[in-house]
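Here's the structure we're looking at; comments come further down.
The values are calculated or read from the model by the stated rules, or taken from the named source; none is laboratory data. Values in this document were obtained by computation on a predicted structure and should not be read as measured data. As a convention, Cβ positions derive from the backbone with ideal geometry for all residues, glycine included, and neighbour counts pool all protein chains shown. Ligands, DNA and RNA are stripped out before the accessible areas are found, and what is left, the full protein with its side chains, is counted by its heavy atoms. Shrake-Rupley method; radii C 1.70, N 1.55, O 1.52, S 1.80 Å.
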Amino acid sequence: MMLARLADHLYWHGRYLERAEGLARLINVNAHLNLDLPGTIAPGWEPLVRITGNEALFGQFYGEDVGERQVAKFLIADERNPGSVRSTLALARENMRAARDVLPREVWEQMNGLYLRISEQISGNLSKRRRHETLNDLILGSQQIAGMLMGTMSQDHAYDFILIGRYLERADVTTRILDVRADDLLPEQAEDVPAFESIQWMSVLKSLTGYQMYRRHVRLRVAGPDVLRFLLRDRLFPRSVMFCLKAMESVINDLPGDDDRALRATAALMRHLDSARTVRLKDEPLSEFIDAIQIELGEIGQLISQTWFQAGSE
Amino acid sequence: MNLADYMVSGFYDELVTPAGRPRAAARALWKYLKSLDADEIAERKVACEVAALVAGITFRVYFEDTGVDRAMPFDLIPRVIPKKEWDGISEGLEQRVRALNLFIDDLYNDQKIIAEGVVPADLIAGSEHFREQCRGFSPPLGVWAHICGSDLVRDGDGTVYVLEDNLRIPSGVSYMLENRQVMKRVFPELFEDSGIQPVDEYPAQLFDMLASLSPRPVEYPNVVVLTPGVFNSAYFEHAYLAQQMGVELVEGRDLVVDDDNNVFMRTIGGLEPVDVIYRRVDDEFIDPEVFRPDSLLGVRGLMRAWRSGKVALANAPGAGVADDKVVYAWVPEIIRYYLDEEPELANVPTFKCSEPEDLKYVLAHIDELVIKPANESGGYGMLIGPRSTRKEQREFAKLIREKPRNYIAQPTLALSTCPTMVPGGVGARHVDLRPFILSGQQTFVTTGGLTRVAMKAGSLVVNSSQGGGSKDTWIVDTEAAGRKEGGA
């Protein structure tokens, strides 16, 4: 029977690595939006600070100066920010280190190497071009670890907890990336700038490596409501919230114990996603809907922790 | 390999006679090594290093700023011992550990050996590892030191001596096992027909011994290895042994003791009962309820669980009392007292500074002797007389006078050597040997053990914490060698 402590570490390894990858995607999509949109409607960099939930900390270190350089430094290299790429990657590594004996050795070496490489690259001043390369390197490295695990690790409970951590965090990341767009950035007369709208949604899709899959499976021109449906409810695209929940549901179903609260909460969120039949962009602010999803994801996380990581500590 | 120039002077060499001929058990090895040219040797050396790296053989060295795992140097020339000689040593080790376990059990209970005046009473009073908390208790089978690692050395005349017994948490057995794996991978030809005895039974024997201690009469008791965690110097070994035995590697926080003194581990399926704990955490840290209250490595309530017989601990808390170097000096008397037998393995002649006669001699000859503190291990805090300065000698004399009970002294031994790969060829380097003795329902001694080698010319310090390396150790049955050939 698997030790709760190891399961806990593996789950958090999964979450932190996915979070680091998600942050890289988030920063990339924002950079693209700023390049593609005219200055009057470009989002700037302030939304990223808000979406990652670190406004107070940012203000403390950087004051009112919400420029690209400051935000990028804060979100990527700043060790004082527990949610920076560097901090989350370090946590992904430390959590894996604590459980490395149940993993294939090569996977640990990959994780260790990824951390060392990325933290060295971001230690100096990053040019925009190098920043993009480094973040892509991180995204690939994270995918590589997921692939190595899938290809070399017995699919036991240790593997299950990494998966749960990754899917739960990925669902959260996808909602946060939607948040970038959901931020009220388009002027009321959005119809006037349809070309730009399409560009924005394309950026969102590309940041999730979802553009091609969207074109293949949705076959519609890129439009807001369709992209939302795709990223929230598609059952085949591995970064859609629904896909992540479905994957979690099947893994959680195989875990030991009679406590099925986490399973029920996951199923409930899937129903909520499905029943919000049309996600309306204008009447009901998208960000409220997304906030609600994020709160439910947080609750699922707590139930997982209570159910499997805390034996004997009540 | 050019072995013609290999010279031994003044020491007993494990492989070569003073005349420069290979000893009988090493003949096949010698011939083989000679046949290798420089390229083949270099190739095998690299293969060894790669194999060790892949196996992840690392030893964390204390007091190093980097705190990085580093590979323990491995030397590819094995050390060879004839099986016949080893059988005798092995019996001597069993005898010794049997007596030591009886001694520990007596110390914590009736203390007959003191009452009868065989050893002095202050032997316990001054022992750092005597645990008052163990008084009046006797673990199952009366065994306290289930796993013992005794260090053996060979003197100039070929005599094998016991240098010390490690009865707390001896380490190094994983290197013994891994070294053999590496050698078999790099020199398969050598193992085919030369009567080398296998060593790989150890993890199975260890598991059987541990399982035999289970308080619950079940077929598969829950055995766990308790480690202080990844930052411990021997973490590699803890993980390795747990893996080899197929048991969980746990930390203190993974275990919990309930009000009825049952021990459980916290799993994703709830609390699972634990029967036997192979603990690699020091006494002082295993239970904050009884020992150091600030310990985060232990388990609250473990001592009461152990004393109420709900869980077995190996080694038993308090076993370290016989680890003390002053107790060591009395082991021959201890063997005679409990077993009514003569010791089969010799102690290094030892002066007990607690005895006035000995003290006088030690202070007068401090520049010739090795002075060892009673309770340190790993070669820390000792004085090697012939290599010390006057100032160091004066400082040690002062320490000894203040606490004579804390010191013993031994003559410097002419530690035996073994041919070892050194930059530019092969050189003689000093070695010792640490076999491991398992005591449960049955006793088991490893086939050979871990040979440690001082990598610097002339150095006597073999401790891995001070830069020593290791070698594979071959117990060779010369009668069995070649038998396959003859029979075919």
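Just a few scattered comments:
- Student exercise, chain B dipole from Lys, Arg, Asp, Glu Cβ charges, in Debye to nearest 20: 880
- Between helix A:105-121 and chain A: long-axis angle, C-alpha atoms, 0 to 90°, nearest 10: 40
- Förster radius 60 Å - calculated FRET efficiency between B:Asn262 and B:Asp5, Cβ distance, rounded to 0.05: 0.40
- Distance in nm between pseudo-label sites at B:Glu132 and B:Thr389 (7 Å out along the Cβ direction from Cα): 4.2
- Electrostatic dipole magnitude of the protein assembly as shown [Cβ: Lys, Arg +1; Asp, Glu -1; Cα centre; debye, to 20]: 1800
- Under the simplified labelling scheme, the B:Lys184-A:Arg69 pair shows an inter-label distance of 6.3 nm, with each label point 7 Å from Cα along Cα→Cβ.
- Amide hydrogen neighbours beyond the local backbone of B:Val370, cut-off 5 Å, H modeled: B:Gly385, B:Gln410, B:Thr412
- Taking every DSSP helix (H) stretch of at least 4 residues in chain B, weighting each as -39,500 (n - 2.57) and dividing the sum by the residue count yields a mean residue ellipticity at 222 nm of -9000 deg cm²/dmol.
- Alpha-carbon centroids, the range A:28-102 and the range A:193-241: separation in whole Å: 24
- Along the axis of the charge dipole computed for the range B:326-380 (Cβ charges of +1 for Lys and Arg, -1 for Asp and Glu, origin at the Cα centre), the listed residues B:His365, B:Phe351, B:Tyr337 are led at the positive end by B:His365.
- Summing Lys and Arg as +1 and Asp and Glu as -1 over all other residues whose Cβ lies under 14 Å from the Cβ of B:Gly156 gives a net charge of -3.
- Residue-count net charge about B:Val274 - beta-carbon cut-off 12 Å; Lys, Arg +1, Asp, Glu -1: -1
- Charged side chains reduced to their Cβ positions (Lys and Arg at +1, Asp and Glu at -1) give the range B:216-310 a dipole of some 40 debye around its Cα centre.
- Relative contact order for chain A, counting Cα pairs under 8 Å that sit 6 or more residues apart, in percent: 23
- With contacts taken as Cα pairs under 8 Å and at least 6 residues apart, the range B:349-411 reaches a relative contact order of 49 percent.
- Across chain B, C-alpha contacts under 8 Å between residues 6 or more apart give a mean separation that, scaled by the residue count, equals a relative contact order of 25 percent.
- With contributions of -39500 (n - 2.57) from each DSSP H run of at least four residues, the per-residue ellipticity at 222 nm computed over chain A stands at -23500 deg cm²/dmol.
- Figure note: B:Tyr338, B:Tyr235 ranked by solvent-accessible area, largest first, 1.4 Å probe, ligands and nucleic acids not counted: B:Tyr338, B:Tyr235.
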